[in-house]
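The values are calculated or read from the model by the stated rules, or taken from the named source; none is laboratory data. Bear in mind that the values here come from a model prediction, so they are computed numbers and not experimental data. Positions of Cβ are backbone-derived with ideal geometry, glycine not excepted, and every protein chain shown enters the neighbour counts. Accessible surface is based on the protein model in full, side chains and every heavy atom, while ligands, DNA and RNA are left aside. Shrake-Rupley method; radii C 1.70, N 1.55, O 1.52, S 1.80 Å.
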Amino acid sequence: YPNQISGLTSWLRADSNATFSIPTKKVSAVGDGSGNGNGVYQTSPTVQPIRYSYGGGTLDKTMFTFENDILNSQNNFTTSLSNEQFSVFEVSKINAVSNAVFGYYNLSDGSLIEMGTNAAGNYEVSVSDGTTTLSKNTGTVDTGKYHIGVLRKVGEYLNFNYYDSSGSAVSVDTDAAFVTATSFEQEKFRLGCTKESNGLVPPSLVNVRALDGDWQELIIYDRKLTDGETEKVVDYLNKKYRIY
């Protein structure tokens, strides 16, 4: 299980610790299974995802359906003090192009973390220090597919793993210009969209790339997991959701 590997900071599941309205099925909060209090919440009913106890993947697992909905982290994103490293695993189905299932953005320096689909419909992960961006994608159209997406980052290296019923992708991106001291602990992460600057003076944050799709699980560690540890978490997720 994810909590048997060190460094777990957030563990969110659609089928566990969810607070929702029984009549409307709208979700207002999801508790953190890691024990660190890093859950997510949404106080506005107009942008709360809907919880379904069926329909998620081949095993009819519980899922949240997002349509321009947002769940905000209760605390700032946490990374390791050594080379600002982290690992993020997510299980979802994204129905449209240019959608973010997971997002982090810091307005003060432009640093970001994003997982979702790009304009071509490829599943893509990105990390930026505000100037230099590390990014990898599958190179295939991945809309409408239940999948496991994995982003691991340490220093100037980004590791990407992706799995769905059609196949898998594993790749690495690196750039010596990436500022390894960039902190990703200044803002909260979000499920269902990301944020960026509106470009005005003074600038302010706006929600962008809202998710059209279904979400099931998110696991975050404050360090870059080894390949062997990553395989164990992916195996846990695949056994649970039968992605491939």
Tell me, what is the per residue accessible area of the chain in Å², probe radius 1.4 Å?
41 Å²
If you take the square roots of the eigenvalues of the alpha-carbon gyration tensor of the chain and sort them as a ≥ b ≥ c, do you get rounded (a/c under 1.5), prolate (a/b over b/c) or oblate?
rounded
Extension gain from Asn83 to Tyr52, taking 0.36 nm per residue of separation minus the Cα-Cα distance
7.2 nm
A 31 angstrom limit on the alpha carbon distance is what I want to check against. Which of Lys25/Lys136; Lys26/Lys153; Lys26/Lys240; Lys136/Lys232 exceed it?
Lys25/Lys136; Lys26/Lys153
What dipole magnitude, in Debye to the nearest 20, does the stretch 47-105 give about its Cα centre under +1 on Lys/Arg Cβ and -1 on Asp/Glu Cβ?
120 debye
Residues with amide H under 5 Å of Gly31's amide H, sequence separation 5 or more or different chain, H placed in the peptide plane at 1.01 Å from N; which?
Ala18, Thr19
Carbon + sulfur, % of accessible area of the chain - ligands and nucleic acids excluded, 1.4 Å:
48 percent
For the chain, set up a Gaussian network in which alpha carbons nearer than 10 Å are linked by springs, and say which option among Leu107, Leu200, Leu12 fluctuates the most.
Leu200
Inverse mean reciprocal Cα-Cα distance (Kirkwood Rh) of the stretch 135-195, Å:
13.7 Å
GluC sites (Glu not before Pro) restricted to DSSP loop in the stretch 167-244 with at most 12 other C-beta within 10 Å
none
GNM top mover of Asn38, Asn198, Asn161 - the chain, alpha-carbon springs below 10 Å
Asn198
What is the spin-label model distance, in nm, from Ser168 to Ser16 if the labels are put 7 Å beyond Cα along the C-beta direction?
2.3 nm
Which length gain, in nm to one decimal place, applies between Asp235 and Asn68 when the Cα-Cα distance is subtracted from 0.36 nm times their residue separation?
57.1 nm
Across 5 Å bins from 0, what is the distribution of all Cα-Cα pair distances for the stretch 72-112, in whole percents?
5, 13, 21, 27, 18, 11, 3, 0
Accessible area in the full protein assembly, largest first, 1.4 Å probe, for Ser82, Ser73, Ser108, Ser197
Ser108, Ser82, Ser197, Ser73
